[in-house]
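A quick write-up on the structure given underneath.
The values are calculated or read from the model by the stated rules, or taken from the named source; none is laboratory data. Small disclaimer: the values here were computed from a predicted structure and weren't measured. Note that we place each Cβ from the backbone using ideal geometry, even for glycine, and neighbour counts take in every protein chain shown.
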Amino acid sequence: MNGSSTGRQRRLVAAVLAVAAATTAAWLVAGSAAAAHRDAITLTVDVFGDFGYHDLYKQYEAAHPGITIKEDSEDYAAHHTALAQHLATGAGADDIEAIEVGYIAQFAAQPQNFVDLRQYGAAELKSRYPAWKWDQAVARNGAVIGLGTDVGSLGICYRTDLFRKAGLPTDPSTLGKMWPTWSKFLAVGRTFQKKMGSRIKFIDSGSNLYNAIIGQANPAYYDASGNVIAAGNPKVKAAWNLTMRAIALGEDKGLAAFSNDWNTGFKKGTFATVTCPAWMMGYIQGQAPATKGKWNIAPVPGGGGNWGGSFLAVSKQSQHPAEAADLVKFLTSPASELYVFQHTGNLSSEIPVLKSKAVQSFRNPFFSNAPVGKIFANSALKLKPQILGPHQGDFQTAASNAIQRVEQHKQSPDASWKQFLKDVASAS
Amino acid sequence: MTAIPYTAATRRRARRALARRFESAGPLTYLFLILVVAVSIFPLYWSLVVASHTNAAVYAYPPKLLPGGNLLHNIRRLFDAGAVNVDFAKALVNSAVVSSVVTAAVVFFSALAGFAFAKLDFRGRKLLFLLVLATLIVPVQLGLVPLYIEMKHFGWLNSIKAVMAPNLVSAFGVFLMRQSIAGGVPDELIGAARVDGCNTWRVFWHVILPGIRPIAAVLGLLTFMNTWNDFLWPYIVLNARNPTVQVAISDIATVAYVPDYSLILAGCFVSILPLLLVFLVLGKQIIGGIMQGAIKG
Amino acid sequence: MTSATTSAVAAARGGRATRWLRRVDAKVSPYLYVTPFFAVFGVFGLFPLGYTAYISLTDRNLLDPVSRFVGLHNYALLIHDSYFWNAVENTFGIWFLSTVPQLSLALVIAHLLNTRLRARTFFRMAVLLPQVTSLVAVALIFTQMFGHDYGFVNYLLGQVGIHKVYWEAGRLSSWIALSVMVMWRWTGYNALIYLAAMQSIPEELYEAAAVDGARRWRQFVHVTVPMLRPTIIFTVIVSTIGGLQLFTEPYLFQPRASGGTGGSARQYQTIVMYLYEKFLGSTQFKFGYAAAIAWCLVLLIALFGLVNYLVVSRIRSAEP
């Protein structure tokens, strides 16, 4: 190091000044943003996927000056893991937390971490819900930790244009009659595949098929006394076997559900059907707006069944429990749930909404004007609930991974099933 | 490392020595090096390309290879609470605060301890320095689990305190400072200051610190870079509401149901930019520091 | 600084008190100066490391306020945990795939930079550029580039007629993709370290070789590389410590980073990812088990570092 040290120091000063200037600029941006709502309340809502609430937040903010709503959205498993972590460490949870049916048993077992919504008049809302939906979010001590949002009653979403190309009927009721059972469904798939070759597949993803079948099973992973019965329950194995058969028959595109490639698949039209809980409609419309009018919805094989559906809870960590509870009540009000159904597809779990004329007569232009209201609502009203346990959601994730391993030829079905059972054992 | 009077004669002599030792680079060497440079720069360029288009352009075939006009728009979206669910401005501020505090602390504490180890006599000096060396080898990161429990206990989860505290000192820094003070500050200078009645603190302040400014700058830059770029620990203790830049962009990338690459890579680009500027201005010094450290290490 | 006269006056006036203060200063202040380092390191470095050992002997769980002492139970489970060994295998695989080409390439680049070069600073800065880029940015940019359908890498391969590779899904392919990320970030840095070491090789050695008529390449093999052995050992050990702790790149390589399982078949789950999965990545929160993984990792790093050291030194002594 020699005589150039003054030059170097000048450069050092310049660099430090540059960083300082950038920092100051960032401060100013942050500072002005903070100053704008110094006296206001910000309510945070933590969901997974798309709950279709953005317009409703705006409505609520307009009606309640001083309240700002911020939503965090995460992946299904990551969301619930983070929630469990935030509750256990006593920090980091949002005011309002969405909990899916796969995890509701786990969180209903820790009422100390949630605001008992009975304090804010939830008890009088009970009559709106089917008893089973209400009870899922009631803790052993009677605390109501969450209010139900949607249910995932099932249909089959299919591409009419691809069905026509394959020489299949495109009318929903005809199709419903063609596939009363899942193995008949696969038989239709074989016809489809024979005509269409191998680029376009009948089914998007094995895990979506599996989840729909499991959604119809009762009991599935847990028996009535809370034991994990995944390994011994023939219904679980049957769902698995059927999924494996779809893969073996070459009817499965093998895309990991909710992955980037799956999204792309919608755009490119590389599969013809998706097992469709009501909330799936939102994903399809969001993914491939250009396919509007090419989709329709037929009855699901096996009849009935539920996949998904959620609750909104207020965490004890909230600084504004009263305001948060009020927002939960607003978001789960019949008017809001109707709005979400019409604009996103998530189907309300509340009986008055399901029976309302607005839902019953609702047709979705995206899905060839199918009477989606009637199809989903009527099957929701007939729903028989599944017995739930605390690690349901973890099992579902493990099953999806297991199916993907087979789809990507990394394991044989048998090896993958064994590993799935191992994952189930270590998760529970 | 004293300045040599630069005459034409010395320069000639130096060049002749160089010529003896180094062959001048042939065209193949240039070709290869240019290829290396291209590979080094391309991913950053690519992030700029993606960040300056709409997300739809990511799905174009053949891919777009030239920057588009959407960069500012995408950067603005980063700071828009409606478009992303992380507070990106806060993330930048947090990263700047964390990196500055950690850098200042590391440089200062390292110089202080390095001074003691290099120039002061005290019982246990060798043993303690050996301990510092030992900690260089132990991957401290692996105390993650108890450190997390500790932070929970202090109530520091979700606060940048949890990110700063464990990084305030660095064994590498102490080592580097000790070496450069031992070799760079003559004992006579310290002795003279002592005769003048300086106590150890004033020796440190008036003799040592000015003497090690260049190496302190290098340590500072490297620390700043590493802290700015750190991920695992901040990711464990912070959340999207109060993140560092790295946590923020990883969050933007992982939580969105449909990854918006123009947004994600705009975030990457913005997160790299401050360091890139520093690097462009001070690259020569950083390189010098790394190479010097390499010889000493 | 005070002038000689004032200090002489001060010394004369100070007398005993000053001398006493000076003695205290000399005796006590060194400890004060090293205290910040050891205090912070003790609280946030040493204590956690020891505490990790203790926790690893319990069934501590985030969700359970009470933890029990279980002895070596976690370690016993770990030894029979195929996911752990899978993670070990992945970690070493990725380490090997990234380190060997990386260091070889770094040597070559250093050798080429060690010539009379126009725009010397430019080349040095350009190769160091990736080092400035954060791990997160590297991971995200490359993950996009390694995408299946619209990734740039598959596009390039398509240009030369190679079919699209599903980088994330395969075991080897994911290892390669991750190795590329590691290599990209670190090759230039190592090249500069080698370059520094090359420049400190005494000129006489080259002159001797030149007399022998050694050409450039032979110079490289017979003079440069042997003289660089200590530096090579250094870089191998640093890359071992870093490589065995690989986390960020594979963690963010996974679509939406769910819990750090490293792909549906755990095809690229590293040890630290597995630690993270048990720690905070799933609702299991098995802190005791995670701590046991941490200790095994420390052990592995120590062992493997030693093995590397021995292997590389062996080559040195075998060289004439």
Scanning the range A:109-167 for residues that are of a type in the set (D, E) and assigned to a helix (DSSP H, G or I), the one surrounded by the fewest Cβ atoms within 10 Å (Cβ to Cβ) turns out to be A:E124
Within the range B:126-138, which residues are surrounded by fewer than 19 Cβ atoms within 10 Å (Cβ to Cβ) and either under 23 Å from the mean Cα position of the chain (by Cα) or touching a residue at least 40 places away in the same chain (Cβ under 8 Å) (or both)?
B:L133, B:A134, B:L136, B:I137, B:V138
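Wholly within the range C:109-179, which helices (runs of 4 or more DSSP H) include no fewer than the required count, namely at least 3 residues that are closer than 14 Å to B:S40 by Cβ and within 9 Å of chain B (Cβ to nearest Cβ)? Give the steps one after another, and end with the answer.
On the way: elements: C:120-132, C:135-145, C:152-159.
Passing ranges, in order: C:120-132, C:135-145.
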Consider the range A:132-184. How many of its residues are without any contact (Cβ under 8 Å) to a residue 24 or more places away in the chain and either among the acidic types (D, E) or more than 30 Å from A:P352 (Cβ to Cβ) (or both)?
7
Being closer than 19 Å to A:D394 by Cα, buried (at least 18 other Cβ atoms within 10 Å of the Cβ) and modelled with pLDDT of 85 or more, is that true of even one residue in the range C:253-262?
yes
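Quickly run through the range A:168-179 and pick out the residues that are part of a loop (DSSP other than H, G, I, E, B) and within 20 Å of A:N369 (Cα to Cα).
A:L168, A:P169, A:T170, A:D171
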Restricted to the range B:116-125, and to residues that are crowded, with 17+ Cβ neighbours inside 10 Å and either under 28 Å from C:I237 (Cβ atoms) or small (G, A, S) (or both), which residue is farthest from the other protein chains (Cβ to nearest Cβ)?
B:A118
Within the range B:91-109, track down each residue that is within 11 Å of chain A (Cβ to nearest Cβ), buried (at least 23 other Cβ atoms within 10 Å of the Cβ) and either among the basic types (K, R) or over 15 Å from B:L221 (Cβ atoms) (or both).
B:A91, B:L92, B:V93, B:N94, B:S95
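Kindly indicate whether A:K374 is farther than 25 Å from A:Y103 by Cβ, within 14 Å of another protein chain (Cβ to nearest Cβ) and of a type in the set (D, E, K, R). Walk me through it before giving the result.
Working: farther than 25 Å from A:Y103 by Cβ: yes; within 14 Å of another protein chain (Cβ to nearest Cβ): no; of a type in the set (D, E, K, R): yes.
No: the conditions fail for A:K374.
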Out of A:D423, A:D414, A:D394, which single residue is within 13 Å of chain C (Cβ to nearest Cβ), closer than 25 Å to C:Y268 by Cβ, among the acidic types (D, E) and surrounded by fewer than 24 Cβ atoms within 10 Å (Cβ to Cβ)?
A:D423
Selection count, the range A:259-277, where residues are aromatic (F, W, Y) and facing chain C (nearest Cβ under 9 Å):
0
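So that you can scan it fast, the table gives a plain yes or no per residue for (1) surrounded by fewer than 19 Cβ atoms within 10 Å (Cβ to Cβ); (2) under 21 Å from the mean Cα position of the chain (by Cα); (3) facing chain C (nearest Cβ under 10 Å); (4) among the basic types (K, R):
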residue: B:T200; (1), (2), (3), (4): no, no, yes, no
residue: B:W205; (1), (2), (3), (4): yes, no, no, no
residue: B:L209; (1), (2), (3), (4): yes, yes, no, no
residue: B:T223; (1), (2), (3), (4): no, yes, no, no
residue: B:P259; (1), (2), (3), (4): no, no, yes, no
residue: B:L273; (1), (2), (3), (4): yes, yes, no, no
residue: B:F279; (1), (2), (3), (4): no, yes, yes, no
Across the range C:270-307, what is the total count of residues that are more than 10 Å from chain B (Cβ to nearest Cβ), free of Cβ contacts under 8 Å to residues at least 40 places away in the same chain and among the aromatic types (F, W, Y)?
0
Close pairs (7 angstrom Cβ cut-off, 6 or more residues apart or separate chains): under 25 Å from C:P255 (Cβ atoms) in the range A:231-260, assigned to a helix (DSSP H, G or I) and of a type in the set (S, T, N, Q) anywhere:
A:G250/A:Q193; A:E251/A:Q193; A:A256/A:Q404; A:A257/A:S207; A:A257/A:N208; A:A257/A:S400
Scope the range B:186-201; condition modelled with pLDDT under 85 and either assigned to a helix (DSSP H, G or I) or under 18 Å from B:R213 (Cα atoms) (or both); matching residues:
B:R194, B:V195
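Residues to consider are A:G308, A:G303; find the one that is in a loop (DSSP other than H, G, I, E, B) and closer than 30 Å to A:H86 by Cα. Write out each step before concluding.
Numbers: A:G303 fails: closer than 30 Å to A:H86 by Cα.
Just a single option satisfies the conditions, and that option is A:G308.
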Tell me which residues, restricted to the range C:62-84, are surrounded by fewer than 17 Cβ atoms within 10 Å (Cβ to Cβ), within 12 Å of another protein chain (Cβ to nearest Cβ) and touching a residue at least 60 places away in the same chain (Cβ under 8 Å).
C:L63, C:S67, C:L77
For A:I247, all conditions in the list (1) farther than 30 Å from A:F330 by Cα; (2) surrounded by fewer than 24 Cβ atoms within 10 Å (Cβ to Cβ); (3) at pLDDT below 95; (4) within 14 Å of chain C (Cβ to nearest Cβ) hold save one; what is the number of the exception?
(3)
Residues in the range B:145-178 that are at the interface with another protein chain (Cβ under 7 Å from one of its Cβ atoms), crowded, with 21+ Cβ neighbours inside 10 Å and more than 20 Å from B:W228 (Cβ to Cβ) total 5
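List the helices (runs of 4 or more DSSP H) that sit entirely inside the range A:313-366 and contain at least 3 residues that are touching a residue at least 40 places away in the same chain (Cβ under 8 Å) and not aliphatic (A, V, I, L, M). Don't jump to the end; show me each part of the working.
On the way: elements: A:321-331, A:334-343, A:351-355, A:357-360.
Ranges flagged: A:321-331, A:334-343.
Can you pull out the residues in the range A:378-391 that are part of a helix (DSSP H, G or I), surrounded by fewer than 23 Cβ atoms within 10 Å (Cβ to Cβ) and of a type outside the set (S, T, Y)? Give the steps one after another, and end with the answer.
We begin by selecting, within the range A:378-391, every residue part of a helix (DSSP H, G or I); these are A:378-381.
Right, trim to surrounded by fewer than 23 Cβ atoms within 10 Å (Cβ to Cβ) and you get A:378-379, A:381.
A:N378, A:L381, listed by residue number.
Test of understanding: among A:T332, A:T344, which residue is among the polar types (S, T, N, Q), crowded, with 23+ Cβ neighbours inside 10 Å and either away from chain C (no Cβ under 14 Å) or under 20 Å from A:F51 (Cβ atoms) (or both)?
Details: A:T344 fails: crowded, with 23+ Cβ neighbours inside 10 Å.
Answer to the selection: A:T332.
Do we find that A:A415 is among the small types (G, A, S) and in contact (Cβ under 8 Å) with a residue 60 or more places away in the chain in this structure? Step through it out loud before you land on a result.
Values: among the small types (G, A, S): yes; in contact (Cβ under 8 Å) with a residue 60 or more places away in the chain: no.
Against the criterion (among the small types (G, A, S) and in contact (Cβ under 8 Å) with a residue 60 or more places away in the chain), A:A415 does not qualify.
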